[in-house]
Structure formats: C-alpha cells, structure tokens
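Heads up: the structure comes next, in structure tokens.
The values are calculated or read from the model by the stated rules, or taken from the named source; none is laboratory data. Please read these numbers as outputs of a predicted model, since none were measured by experiment. Neighbour counts run over all protein chains shown; Cβ positions are idealised from the backbone, glycine included.
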Amino acid sequence: MKALKTARNVILNLGKRIKPQQIFSATRNFFRKFFPPLTSLPENVLVAASHGSARFPLKLFRYLSLYYQISPRLLLNFSDYGTKSLLEGIPDPQKAIPRYGRIVGDPNRDLKQDDLIRFEDFGGNKIFREKFERRLTTSWIRFIWRRKLLNYSYRPYYRDVHKKIEAISEKMEDKRNPIIFVDVHDIGNRILGQRSKDDIQRKTKIPKVIISNAPDEETEEGVLGTAPEYFVKEFAETLAENLEISPQEVKINHLYKGGNIIRYFGNLHRNPRLKRVLKEQKIFAIQIEFNRSWYLDEKTQRIYKQQMRFVRNGLIRTLKHVSKMNFWGSEENEEEEREGKESAKEE
C-alpha cells in the first residue's frame, strides 16, 4: 500500500510540474521528427539529392579502411548528407535520393568515368582496405565486384529517377510546360583529415550557391545547356531573394558545370528511353551546389536545424516560382536575342 501511495504522489507531483504547453510541445516535436509535414510542389517539379545518402551496405563494413570504420564525420563528409534534410517534407513522388552513398558508386558520374568508384576521399583518406581496393582495380574478377557495387544503389537510383520523370509527365495536363528537374548538392570550405587537427581549408573559397546547366552539353542542334539561360538566371535571382543574400553570391557555372545526372536526364539525345516517353515535351535540368557551412558544422558534421529550415524554405519557394514562369514568352525572347547575337557576329 505504501508503494502505491508513493507512486501516486510522484505522478501527481509530475502532473503539477509539467505544464500542458510542455506536453503539447514535446508531442509536436516528436511527430515533426518522425513524420515531417509534406510540402506541396507544382506538378512539373522533381528534386533530387544524388549524393544525399551517407549509408552503405553493412556487408561492406569489413572492407572499409580503419578510419572510415571509426570516424562517422569522414563518412558523412564523403556524402552531401545535408541535402537529404533540404528535401525533407517533399512528397516521395517528387523527390529522388539514392539508398546508399557514392561509396558504392557515384551516381553523378558516367559509367566510363575513372572516379565512378573512388578509393580516396577529398582529403586523401583511404576509403577501402588495400586488399579490397585491389579486388576492384587489378583482380581478374574486378568487373564482377564493380557490378555488384553499382547494383546496390547506382542502377536502382537511375531507374527510380526515370520512373518519376515519366510519372510526372503522364500527370501533367499542359505538356507545353517543361518538367523542372533540380539536382541538389553541397560542398564545404573545410577538407577533412583523419583527425580534426589534420583538417585544412580550401584555397578557393566556395560561394554561397552555385547553379550549373552543363553549358558545354549540346542538347539540340546548336543549343547548349540542359536548361535555357533565361531559366537559370531567373532561378538564381529568385533563390538569392528568397535566401536574403546578394545576387553576386549566387554563381552560375562557376567552379562546376554540372555532373552526369543533369547531362543524362536533361539531354534527351543521350536518353532515348526518356525521349520516347516525353516526345516533344521538354525537361529543364540544373544542378545546385550549396555551401554546406551555411547549415552544418563542417568540423563535426552536425546540422544547424534553424539554418537548415531557412535554406529549405528558400529553395521550396524558388521551385514554386520558377515552375510557374511564362515559358513560351521567355523562349521567344531568348530566340530573338540569340538571332541578334548571331547577326552581330556576322556583321
């Protein structure tokens, strides 16, 4: 009986100390953490975070180098894991994130590129143990092992993006509007060493934002870029406004010109399957690089929640704005401007 009375008194005292507002706040935070509210996007938008996963198959753990086994910050830094948080709340049909990180094959690289599978990170730290590295590079069965790694995440990711673009196209009522495909990345000013004291700063400081449209990629005869210039400029100006930064802090094709994802899905000549599905419909594909120091501590790789929320909201507002542009009028103006430049050159 004494024990029951004691328990009763404890519960009553807790009830007096904990205010209803605290209970409500704790409950709300719990549901926000595990069930984030969905953000509605216009029907023609697909957002990807091609380096947004830092996970790897557990079967590979024994093949990782010692530092990659014991240092979570190195593993996180080798991905753009903060971009996954930037896409939080976007409905699954309108976002694409690989299951695993680029440790099993970089989805932003072509299958023929040398750095499709990397053996050192950006700080020169070994990713795999020597024996496993030889298995992937010089062994006579290296092609089998490489295919196995790519089947974990690389190939399923490309299939997923294909399906989602096709599904978006099918649902769109007005096929004159393009599909907007945005691949979100981030990069930091800090290059991580094996220990924090070995970290160094990049010699070239990374801007707040970099937007790329693969300006060297020929998407149609005489047309370069996976998205027209007027669209990229509008995106850059709108994003700067929504993030409350100077337009000069948003660079276009500076340092980066866009990886394989926007070149593959934004150039229908390289993607016959998608071309058959979209027919005459266009797709505007751009790559965004955020300076990750904006929303995470580069030394520890911990996210600043408030800043992350601010950047996320700015990106969402920008996507909503550019998806509703007057594309037909803008295309006519750009065509006239292009013809004027060509005439000037001939004269």
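Surrounded by 14 or more Cβ atoms within 10 Å (Cβ to Cβ) and not in a loop (DSSP other than H, G, I, E, B): is that true of Arg73 in this structure?
yes
Given the options Ile200, Ile206, name the one that is over 19 Å from the mean Cα position of the chain (by Cα) and either among the hydrophobic types (A, V, I, L, M, F, W, C) or at pLDDT 95 or above (or both).
Ile200
Do you know which residues across the stretch 76-113 are surrounded by fewer than 17 Cβ atoms within 10 Å (Cβ to Cβ) and of a type in the set (S, T, N, Q)?
Passing the criteria: only Gln113.
Please determine, by comparing only the residues of the stretch 299-313 that are in a loop (DSSP other than H, G, I, E, B) and out of contact with any strand residue (DSSP E or B) (no Cβ under 9 Å at 6 or more places or on another chain), which one is surrounded by the fewest Cβ atoms within 10 Å (Cβ to Cβ).
This residue is Thr300.
Kindly establish whether Phe128 is closer than 21 Å to Asp80 by Cα, in contact with an Asp or Glu (Cβ under 9 Å, 6 or more places away or on another chain) and of a type outside the set (D, E, K, R).
no
Please pick out the residue among Arg147, Arg195, Arg142, Arg202 that is surrounded by fewer than 19 Cβ atoms within 10 Å (Cβ to Cβ) and in contact with a helix residue (DSSP H, G or I) (Cβ under 8 Å, 6 or more places away or on another chain).
Going through Arg147, Arg195, Arg142, Arg202 in turn, just one is surrounded by fewer than 19 Cβ atoms within 10 Å (Cβ to Cβ) and in contact with a helix residue (DSSP H, G or I) (Cβ under 8 Å, 6 or more places away or on another chain): Arg142.
Among the residues of the stretch 262-298, how many are in a loop (DSSP other than H, G, I, E, B) and either at pLDDT 95 or above or buried (at least 16 other Cβ atoms within 10 Å of the Cβ) (or both)?
Total satisfying the criteria: 7.
Taking the stretch 92-117 only, how many residues are closer than 22 Å to Leu64 by Cα, assigned to a helix (DSSP H, G or I) and either free of Cβ contacts under 8 Å to residues at least 40 places away in the same chain or of a type in the set (A, V, I, L, M) (or both)?
5
Under 8 Å between Cβ atoms, which residue pairs at least 6 apart in sequence (or on different chains) link something in the stretch 248-268 that is under 18 Å from Thr204 (Cα atoms) with a partner that is among the aliphatic types (A, V, I, L, M) and part of a loop (DSSP other than H, G, I, E, B)?
Going by the 8 Å Cβ cut-off, the qualifying pairs are Leu255/Ile206; Lys257/Ala214.
If you go through the stretch 239-250 one residue at a time, do you hit one that is assigned to a loop (DSSP other than H, G, I, E, B) and at pLDDT below 95?
No, because not a single residue in the stretch 239-250 is assigned to a loop (DSSP other than H, G, I, E, B) and at pLDDT below 95.
Quick check on my filter: what residues within the stretch 122-134 are at pLDDT 95 or above and either surrounded by 16 or more Cβ atoms within 10 Å (Cβ to Cβ) or of a type in the set (Val, Ile, Thr) (or both)?
Asn125, Lys126, Ile127, Phe128, Arg129, Phe132, Glu133
Which residue, of Ile286, Ile303, is among the hydrophobic types (A, V, I, L, M, F, W, C), over 20 Å from Asn189 (Cα atoms), touching a Ser or Thr at 6+ places or on another chain (Cβ under 7 Å) and touching a residue at least 12 places away in the same chain (Cβ under 8 Å)?
The unique qualifying residue is Ile286.
Quick one: in the stretch 33-70, of everything that is loosely packed, with under 12 Cβ neighbours inside 10 Å and not in a loop (DSSP other than H, G, I, E, B), which residue is modelled with the lowest pLDDT?
So, considering only residues that are loosely packed, with under 12 Cβ neighbours inside 10 Å and not in a loop (DSSP other than H, G, I, E, B), the one modelled with the lowest pLDDT is Phe34.
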